[in-house]
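The values are calculated or read from the model by the stated rules, or taken from the named source; none is laboratory data. Because the structure is a prediction, the values reported are computed rather than measured. A quick note on method: Cβ atoms are made from the backbone with ideal geometry, for glycine too, and the neighbour counts reach across all protein chains shown. Only protein heavy atoms, including side chains, enter the accessible area calculation; ligands, DNA and RNA are left aside. Shrake-Rupley method; radii C 1.70, N 1.55, O 1.52, S 1.80 Å.
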Amino acid sequence: MKITVVGAGAVGASCAEYIAIKDFASEVVLLDIKEGVAEGKAMDLMQTATLNGFDTRITGTTGDYSKTNDSEVAVITSGIPRKPGMTREELIGINAGIVKDVSSQLVKHSPDVTIIVVSNPMDTMTYLAHKELNLPKNRIIGMGGALDSARFKFRLSEALECPASDVDGMVIGGHSDTGMLPLTRLATRNSVRVTEFLSEERLAQVSEDTKVGGATLTKLLGTSAWYAPGAAVSSLVQSIACDQKKMFPCSTLLEGEYGLNDLCIGVPVIIGKNGIEKIVEVDLNDGEKEKLKESAEAVKKTNALLE
């Protein structure tokens, strides 16, 4: 299993590290346009192999897509990151051009590749990849919901004062500060709904803290987060590589599911060796359906900026 990660910045390098440590891939290729960065980070990571007990080979390259030949999965993290006060949508102009070029190069060298899009605005970049590449819809996946759900579960465990491993829940909708829809009604602690433990007001706070999770970290760090995004991507890659058929909320092209068409937005999907193997339609209540519709309308407005 050969994995390519395009963009050797903080998120890309973190993603490569988590993939290597989990030791399910034979090779990870890091590619960047900045001379020496991918090679340097690959070498630095390889020097941890005996310390962290993995056999995955990590190589780096500056802009040479021939080194990515025959990759089974490719992750696109390249593009400019958020700065404090920026929305993900403000990145569209520069990142659209980058994603177009990167995705076409990846498919040229690995025609059967499954692509995971991380670059922001993620739902729109995932949609752009669909329009540019004309690949089967199951082979283009937007990462956002997997990360948002991890942040949601962290906030729930914090509110419940319990281990994160006790908690399950997910976030659907657009990967934006206003478009996310944390499904508090369905979240559980060891199969007991969290509504049994937390007040409506506390759950509303958990939801809001989840939605601004990325912005909160950007304000603290001065740039986008990288540990949780890298871990989220590595989990998706592992589910494909090991055919785990795990369920994650991911941005996927909808064609009637949830009453939505011609956009990519976060909904629960089964991830296996064929990429997105099934879209799972959750029974939402009227309020949740309305919020998802509003989120979809916002995503479509951002998509319109591509034109």
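Here the strands (runs of 3 or more DSSP E) wholly within the range 222-307 that include at least 3 residues being of a type in the set (A, V, I, L, M) are 246-255, 261-272. Could you please find all residues in the range 203-212 being exposed (fewer than 15 other Cβ atoms within 10 Å of the Cβ) and either hydrophobic (A, V, I, L, M, F, W, C) or over 12 Å from THR178 (Cβ atoms) (or both)? Selection gives ALA204, GLN205. Among residues belonging to the range 174-202 that are of a type in the set (S, T, N, Q) and in contact (Cβ under 8 Å) with a residue 60 or more places away in the chain, point out the one that is farthest from SER224 (Cα to Cα). Filtering the range 174-202 for residues that are of a type in the set (S, T, N, Q) and in contact (Cβ under 8 Å) with a residue 60 or more places away in the chain, the one farthest from SER224 (Cα to Cα) comes out as THR178.
What do you reckon, is ILE115 among the hydrophobic types (A, V, I, L, M, F, W, C) and open to solvent by 40 Å² or more (accessible area, probe 1.4 Å)?
Working: among the hydrophobic types (A, V, I, L, M, F, W, C): yes; open to solvent by 40 Å² or more (accessible area, probe 1.4 Å): no.
Spelling it out, it is not the case that ILE115 is among the hydrophobic types (A, V, I, L, M, F, W, C) and open to solvent by 40 Å² or more (accessible area, probe 1.4 Å).
Pairs linking a residue in the range 52-69 that is within 20 Å of SER14 (Cβ to Cβ) and among the small types (Gly, Ala, Ser) to a residue that is in a strand (DSSP E or B) and open to solvent by less than 50 Å² (accessible area, probe 1.4 Å), with Cβ atoms under 6 Å and 6 or more positions apart or on different chains, are GLY60/LEU30.
Residue-wise test of (1) open to solvent by less than 40 Å² (accessible area, probe 1.4 Å); (2) acidic (Asp, Glu); (3) farther than 13 Å from PRO268 by Cα.
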{"site": "GLY145", "(1), (2), (3)": "yes, no, no"}
{"site": "ARG151", "(1), (2), (3)": "yes, no, yes"}
{"site": "SER165", "(1), (2), (3)": "no, no, yes"}
{"site": "ASP168", "(1), (2), (3)": "no, yes, yes"}
{"site": "VAL171", "(1), (2), (3)": "yes, no, no"}
{"site": "HIS175", "(1), (2), (3)": "yes, no, yes"}
{"site": "LEU181", "(1), (2), (3)": "yes, no, no"}
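Please indicate, with yes or no, whether at least one residue in the range 213-233 is in contact with a Phe, Trp or Tyr (Cβ under 7 Å, 6 or more places away or on another chain), open to solvent by less than 30 Å² (accessible area, probe 1.4 Å) and either closer than 28 Å to ASP262 by Cβ or not aromatic (Phe, Trp, Tyr) (or both). Yes, that holds for at least one residue. Among the residues making up the range 94-112, those that are surrounded by fewer than 20 Cβ atoms within 10 Å (Cβ to Cβ) and within 25 Å of LEU305 (Cα to Cα) are ILE94, ALA96, GLY97, ILE98, LYS100, ASP101, SER104, GLN105, VAL107. Within the range 294-307, residues that are of a type in the set (S, T, N, Q) sit with their Cβ atoms under 7 Å from residues that are part of a loop (DSSP other than H, G, I, E, B) and surrounded by 19 or more Cβ atoms within 10 Å (Cβ to Cβ), at 6+ positions apart or across chains, in these pairs: SER295/GLY174; SER295/GLY179; THR302/PRO121.
Looking at the range 264-307, which of its residues are in contact with a Phe, Trp or Tyr (Cβ under 7 Å, 6 or more places away or on another chain) and open to solvent by 60 Å² or more (accessible area, probe 1.4 Å)? Answer for the range 264-307, where residues must be in contact with a Phe, Trp or Tyr (Cβ under 7 Å, 6 or more places away or on another chain) and open to solvent by 60 Å² or more (accessible area, probe 1.4 Å): just GLU281. Of all residues in the range 118-131, those being open to solvent by 10 Å² or more (accessible area, probe 1.4 Å) and under 21 Å from ALA8 (Cβ atoms) number 2.
Could you list, in sequence order, all residues of the range 101-144 that are among the small types (Gly, Ala, Ser) and modelled with pLDDT under 95?
First pass over the range 101-144, keeping only residues among the small types (Gly, Ala, Ser): 103-104, 110, 119, 129, 142, 144.
Within the range 101-144, SER119, GLY144 meet the criteria.
For the range 17-55, filtered to residues that are surrounded by 13 or more Cβ atoms within 10 Å (Cβ to Cβ) and among the β-branched types (Val, Ile, Thr), the residue that is farthest from the chain's Cα centre (by Cα) is THR48.
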